[in-house]
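The values are calculated or read from the model by the stated rules, or taken from the named source; none is laboratory data. Keep in mind it's a predicted model, so treat the numbers as computed, not measured. Virtual Cβ from ideal backbone geometry, glycine too; neighbours counted across all protein chains shown. SASA here: full protein model, heavy atoms, side chains in, ligands and nucleic acids out. Shrake-Rupley method; radii C 1.70, N 1.55, O 1.52, S 1.80 Å.
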Amino acid sequence: MAHLFEPFKIRDVSFRNRIAVSPMCQYSSTNGFANDWHLVHLASRAVGGAGLVLTEAAAVESRGRISPQDLGIWSDAHIEGLAKTVALIHNFGAVSGIQLAHAGRKASTAKPSKGGKVLNESQDGWRPLVSSSAIAFSKESPIPEALNFEGIQQIIQAFVEATKRSLQAGFKVVEIHAAHGYLLHQFLSPLVNHRQDDYGGNFENRTRLLREVVEEVRKVWPQTYPLLVRISATDWVDKGWDIEQSIALSDKLKSLGVDMIDSSSGGIIPGINIPTKLGYQTQFAERIRREANIYTGTVGLITSPEQADQLIRTEVADMVLLGRELLRNPYWPHLAAKQLGHEKLWPVQYDRAWL
């Protein structure tokens, strides 16, 4: 059976193990540009032994940023800075991936270290915000504009152009962000999507935008490279998006050329009591993997090497995406390999520290 350090291949791209760096916002950009922080942060996780290193959410439009400090890829000018980081990731043995995103109605907020409050235009925020329907995220949030047909086509094209730039920058994996209450999730969830046109109402219509984004992205993304989609498998709310819809969606996405579902949860509305515990989201990845017959990645309070290894060995998921654990220790994969009795991955420059 597969284990955490068994190589993994999707299409023509090979990963040295089943460990991925989960996309994590760094709130360190100016006008969307990658800088030395992104280079050091991401390249050090490649040195640290991860198989796949994913960037934080990169906004496909300027208005699609969560905060003014978010990474972006809405301009050709963003390519050069990203390409430098990509080259280092590959040089150190990992595969580079980029998460393409649009925040929708959750855009224009201060970074968490500054309180995360909604920013108005005098505070470097922007208007209008856009969404599936004209429903604000919270009492403090502005009411977004419901995208019309032309606006929806503009969003699709923004994802396509961002994908082309990702290829130019040298990335080998693209992940479309359709989770955590951001724009594509805002179309999926009936809690937010109250439209009465072809993009709202029943399951087929609510999933239409994501399916069209995937179709158009797959046309410009090489057939030899993997395409991932991150979803929130459940809204954790009655009559919201749920695991059954996630399984049905994953089956459709597979037929459109998606290779792996990065399964997370939540984020669509504030104030939800999510029953967090170690591995609390892994059940969703397992069901999607089994019932939609598609590769899955799993996330959420995965901390120990034994826990991560068991998730692979028991076929809960095909990759384990680590977030906070890799913030605390970029070299977690090396230490995990030692702890689990696998071949040493430690860089030769660090041999003296291998005890």
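Here is how the numbers come out for the structure above:
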{"read-out": "Principal-axis tilt of helix 79-91 within the chain, Cα atoms, nearest 10 degrees", "value": "30"}
{"read-out": "Residue-normalised accessible area of the stretch 1-108, given per residue in Å² at a 1.4 Å probe", "value": "32"}
{"read-out": "Kirkwood hydrodynamic radius over Cα pairs of the stretch 96-161, then Stokes diffusion coefficient at 4 °C and 1.567 mPa s, in µm²/s", "value": "99"}
{"read-out": "For the stretch 169-259: accessible area per residue (Å², 1.4 Å)", "value": "33"}
{"read-out": "Of every Cα-Cα pair in the stretch 187-236, the percent that sits beyond 19 Å", "value": "37"}
{"read-out": "Farthest toward positive dipole pole in the stretch 204-355 [+1 Lys/Arg, -1 Asp/Glu at C-beta], among VAL217, HIS334, ILE269", "value": "HIS334"}
{"read-out": "Ellipsoid semi-axes in whole angstrom, largest first, where each is sqrt(5λ) of the Cα gyration tensor of the stretch 288-355", "value": "27, 13, 10"}
{"read-out": "Phi to ³J(HN,Hα) by Karplus 6.51 cos²θ - 1.76 cosθ + 1.60 over the stretch 114-121, Hz, x for Gly, Pro", "value": "10, x, x, 6, 5, 9, 8, 5"}
{"read-out": "Long-range HN-HN contacts of LEU227 with modeled amide H, under 5 Å", "value": "ASP259, MET260"}
{"read-out": "Relative contact order (%) - the chain, alpha-carbon pairs under 8 angstrom, separation at least six", "value": "17"}
{"read-out": "Accessible surface of the chain [probe 1.4 Å, protein heavy atoms]: carbon and sulfur percent", "value": "49"}
{"read-out": "Whole-Hz couplings from phi, Karplus 6.51/-1.76/1.60, listed for the stretch 23-39; x for Gly and Pro", "value": "x, 9, 4, 9, 6, 10, 9, 10, 6, x, 7, 5, 9, 4, 4, 5, 4"}
{"read-out": "Amide H contacts under 5 Å for LEU100, placed H, 5+ residues apart", "value": "ALA58, GLU175, ILE176, HIS177"}
{"read-out": "From phi via Karplus (6.51, -1.76, 1.60), per-residue ³J(HN,Hα) for the stretch 290-302 in Hz, x at Gly/Pro", "value": "6, 8, 9, 6, 9, 4, 9, x, 10, 9, x, 6, 9"}
{"read-out": "Size-normalised alpha-carbon gyration radius of the stretch 55-114, reference 2.2 N^0.38 Å", "value": "1.23"}
{"read-out": "Surface accessible to a 1.4 Å probe, TRP37 within the full protein complex, Å²", "value": "130"}
{"read-out": "Cα-based convex hull, the stretch 227-305, per residue volume (Å³, whole number)", "value": "95"}
{"read-out": "Stokes-Einstein D in µm²/s, Kirkwood radius over Cα pairs - the stretch 1-102 at 20 °C with 1.002 mPa s viscosity", "value": "154"}
{"read-out": "Among ILE231, THR207, VAL192 the positive-end extreme of the charge dipole of the stretch 147-234 (Cβ point charges)", "value": "ILE231"}
{"read-out": "Cleavage-rule hits (chymotrypsin sites (Phe, Trp or Tyr not before Pro)) in the stretch 274-355: DSSP loop, at most 15 neighbouring Cβ within 10 angstrom", "value": "TYR280, TRP354"}
{"read-out": "Kirkwood hydrodynamic radius of the stretch 217-355, Cα pairs, Å", "value": "16.6"}
{"read-out": "The stretch 78-206 pair-distance distribution - Cα-Cα, 10 Å bins, rounded %", "value": "12, 33, 32, 19, 3"}
